[in-house]
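Comments concern the structure below.
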Amino acid sequence: MEHAVAHEGGASTKAYMVVFVSLAVLTVIEVLIPTQFDFPKMMQIIILVALALWKALLVALYYMHLRFEPRRLKWMVIAPLPLAVILVLAVLTEF
Amino acid sequence: MTTNAAVLDRGGMDATEVGMGVYNMKLGMWVFLLSEVMFFTSLIGSYIILRAAHPEMFAQPGEVLAVNLTAFNTFLLICSSVTMVLAFAAIERGDQAKLKMWLVFTALIGMGFLGVQVYEYIELSSHGFVPSVEGYEAAGAPLYGSTFYTMTGFHGFHVFVGVLALWYLVIQAFRGKYTANDHGAVEITGLYWHFVDLVWIILFTIVYLI
């Protein structure tokens, strides 16, 4: 791509490739954690969930262009996420 | 008004009012995807709760499910996300040849993902891992199979729908329907496709690695 920083504030092809490599590397790290390392289970879960959220964030911000969208749309997307967490945590405390 | 028109023009779609500052089809897709967030949250949430309540009914990573095979499938989906975004970048520049090429790649890789998943299902079920109340003896109980097939099945169905949408885009792209100023369909299909990838990132961790 000629212009490294793309038009209209969107991501560049270079950024897309950096995200791609990051996702691939993070996936390899994820697979190694339960198979090659002997972390305590809780620590393993925390690391794996953190890595997954990191990858999800990369996809949303760059591939779905959320980083470059109007602020109103960003808030609309963020709004249900706490509700999703509440949905799980509220029921999780039931047993 | 000029500013608003410029903002709204991003996907080349007409819009009658400013609203969120994006064209209506894109806003619609985002709202739909947010409803999907809640749908998959309920599935994943149920899984977490069932597993926390009955840990003995679930196997450890790699005991039943093939982590390496699925890691490869995860990689396939990541590849299809980058090809999708390259297709979008191509048509933003007005490059129809690259658009067609990357769309075909994306659709083919998506089919590859489904192929691996079907293979995985056949392998697992041939070893007795089925969504049955009889349960899977080696893993201990019925919950494991039921939750596994429900979550991965619904995700696979989403990929299937995405592949259909991608082939539709391919056909339209070969008809020269998309241009630098009119490619909203490519963008919103891309949003859906990346979301399906995003869900898989979470599912892969929750179902296969933890």
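The values are calculated or read from the model by the stated rules, or taken from the named source; none is laboratory data. Here the structure is a predicted model, which means the values were calculated and not measured. Every residue, glycine among them, receives a Cβ derived from its backbone with ideal geometry; neighbour counts consider all protein chains shown.
Miscellaneous remarks
- Checking the stated criteria, B:L198 turns out to be modelled with pLDDT of 95 or more and either touching a strand residue (DSSP E or B) at 6+ places or on another chain (Cβ under 8 Å) or within 14 Å of another protein chain (Cβ to nearest Cβ) (or both).
- Qualifying positions in the range B:52-68 - assigned to a helix (DSSP H, G or I) and away from every other protein chain (no Cβ under 11 Å): B:E56, B:M57
- Only one entry in A:L73, A:L48 is buried (at least 16 other Cβ atoms within 10 Å of the Cβ), in contact (Cβ under 8 Å) with a residue 12 or more places away in the chain, assigned to a helix (DSSP H, G or I) and within 8 Å of chain B (Cβ to nearest Cβ), namely A:L48.
- Residues (facing chain A (nearest Cβ under 7 Å) and either in contact (Cβ under 8 Å) with a residue 60 or more places away in the chain or more than 17 Å from the chain's Cα centre (by Cα) (or both)) located in the range B:76-85: B:I78, B:S81, B:V85
- The residue that is surrounded by the fewest Cβ atoms within 10 Å (Cβ to Cβ), counting only those in the range A:13-39 that are among the hydroxyl-bearing types (S, T, Y), under 23 Å from B:W102 (Cβ atoms) and within 7 Å of chain B (Cβ to nearest Cβ), is A:T13.
- Within the range B:45-73, residues that are free of Cβ contacts under 8 Å to residues at least 60 places away in the same chain reach partners that are surrounded by 14 or more Cβ atoms within 10 Å (Cβ to Cβ) and of a type in the set (D, E, K, R) with beta carbons closer than 7 Å, at six or more positions or on different chains, in the pairs B:A66/B:E120; B:L69/B:E120.
- The combined condition, being over 17 Å from the mean Cα position of the chain (by Cα), free of Cβ contacts under 8 Å to residues at least 40 places away in the same chain and surrounded by 22 or more Cβ atoms within 10 Å (Cβ to Cβ), is fulfilled by B:A90.
- Total residues in the range B:159-179, condition surrounded by fewer than 19 Cβ atoms within 10 Å (Cβ to Cβ), closer than 19 Å to B:T83 by Cβ and not β-branched (V, I, T): 7
- Inside the range A:51-68, residues that are assigned to a helix (DSSP H, G or I), touching a residue at least 40 places away in the same chain (Cβ under 8 Å) and more than 7 Å from chain B (Cβ to nearest Cβ) make up a count of 3.
- Condition check for B:T41: surrounded by 14 or more Cβ atoms within 10 Å (Cβ to Cβ), within 15 Å of the chain's Cα centre (by Cα) and modelled with pLDDT under 95: yes
- Checked against (1) closer than 20 Å to A:H65 by Cβ; (2) in a helix (DSSP H, G or I), B:G94 meets all criteria but (2).
- Residue in the range B:1-17 that is modelled with pLDDT of 80 or more and part of a helix (DSSP H, G or I) present: no
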